[in-house]
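Any read-out appearing in this document is the output of simple, stated calculations on the displayed coordinates, not a laboratory observation. The structure presented is a predicted model; accordingly, all values stated were derived computationally and were not measured. No Cβ is skipped: glycine too gets one built from the backbone with ideal geometry, and neighbour counts run over all protein chains shown.
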Amino acid sequence: MLLWVELALLLACVVVGSRIGGIGLGITSGIGLFVFVFVLGLPPGSPPATVLGMILAVIAALSLLEAAGGLDYVIRAAERLLRRNPKGITFLAPIVTYALVMASGTQHVIYALLPVIAEVARKAGVRPERPLSMSVIASQQGLVASPISAATVALIGGLASTGVSLPKVLIVIIPATLLGVLAGTLSVAWRGRELADDPEYQRRLAEGIVAAPAPAAEIGAAEKRRALGACVVFLLAVAAVVLLGLFPALRPVYETVREGATETGQVDMGRAIMIVMLAAAGLLAILFRASPEKAIKGGVMKGGLTAIICILGVSWMGSSFFEANQAAVVGGISDVIRAHPWVFALGLFALSILLFSQAATVVTLLPVGLALGLPVPLLVGTYPAVNGNFFLPTYGTVLAAVAFDTTGTTKIGKYLLNHSFMVPGLVATAVSVIAGLVLAQWVF
């Protein structure tokens, strides 16, 4: 009974916070966390320090890119391309996001793309909700398709006793998730009113909350070289992140001496992203005279800080809830799978909603599936079902997409579950799982 009370409190904080808007989701989650810890005696959980650090580092680099004029340069270039096909970004952005995440092995590279996608769409007159919502979903699909992601590594490790190889898994998962991305994109391609007719956007324009897109003005040769150089530095930083993900051997190995014993370690991917992006921010400030003061006052920094506060509150509250109820939640799902093996995919989906982690979901439920003797094609084919992070609008990439969309079209709905990511998420996940099951029967 207490579990349901705690769950109701968690959802109530999310609903109230989403209606407040801005940083409301983060601060109302702080109330829930306070009640969990100081009133109900739940463990405090852990704030997602690495995730927050990566977002801060990426936002620092992006803000200085904006201050150097690089972001405007990218937007102008994209606008020229989009004039021929205004809906192009709705289809292009998810594919680019999918490819970057699959190559880098981490979903958090999307934080570098979201503000660009939002602003390019807005200035091209495309409803930003369409490319933003699907890009978030595509990042999840790209993660499970990545050969180097923690989730895929956990899957291959768990299936080692069955003789399943990584190439066979990828033969199933990559085409399955690509089909899911295509289906999800089609589900949002014509969603909602056009931006010019959207009442929320028009209200924000009228009240001066957001400025109308300015015409693409020509810039001088010196400013253009400065902006182009800033873009090159930032793109090189993104490429470095991708390479460090694709080739882990490139990440430095270091030694530490503790109590007379030498220990060897390697820089993990989270820290690597932070280091590369902070270095890129420094180069932008030094080489291209990007003003730190201008960066702090820019739109990218404002959206980034909003996302950080929201993620801090919601993720920390969710962590406290799950740590207190882990045995009950996992035990309940395991009992259902034992009785009905076909619901293994639903179990993966449901647990990923609570864990906020594809890898943790695999580690938790895969041993149950193996112990029950579930066939390998079922275990591999249902792997994309771990992408339930979008279901409750509390995951970092979801909150960041909402924060970066200044038009207000990408939103958390009045009734919590009617948010911008629900339809593309359900469509993409369902299609990926169905395609995965069909392909797995053929491959295995």
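At a glance:
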| read-out | value |
| --- | --- |
| Helix 221-246 axis, angle to the chain major axis (alpha carbon atoms, nearest 10°) | 10 degrees |
| Highest-first arrangement of 166-173, 339-346, 270-277, where packing means the average Cβ count within 10 Å | 270-277, 166-173, 339-346 |
| In nm, spacing of pseudo-spin labels at Val16 and Trp190 (7 Å Cα→C-beta vector) | 4.2 nm |
| Candidates Thr394, Thr409, Thr262: whichever shows maximal mean-square fluctuation once the chain is modelled as a Gaussian network with Cα springs under 10 Å | Thr262 |
| Between 0 and 90°, nearest 10: helix 422-443 axis offset from the chain longest Cα axis | 50 degrees |
| Backbone HN-Hα couplings from phi across segment 364-372 [Karplus 6.51/-1.76/1.60, Hz, Gly and Pro as x] | 7, 9, 4, x, 5, x, 5, 5, 7 |
| In Hz, Karplus ³J(HN,Hα) per residue of segment 405-420 (6.51, -1.76, 1.60; θ = phi - 60°; x = Gly, Pro) | 8, 6, 7, x, 7, 8, 8, 9, x, 4, 9, 6, 8, 8, 9, 5 |
| GNM result for the chain, Cα springs below 10 Å: residue of Tyr254, Tyr415, Tyr73 fluctuating most strongly | Tyr254 |
| Computed [θ] at 222 nm, helices only, for the chain once each DSSP H run of length n ≥ 4 contributes -39500 (n - 2.57) | -22500 deg cm²/dmol |
| Cα long-axis angle, helix 70-82 against the chain (0 to 90 degrees, to the nearest 10) | 80 degrees |
| Choice from Val136, Val253, Val363 showing the highest fluctuation, given a GNM over the chain with Cα pairs closer than 10 Å | Val253 |
| Shape category assigned to segment 12-59 from the gyration tensor of Cα positions, a/c cut at 1.5 | oblate |
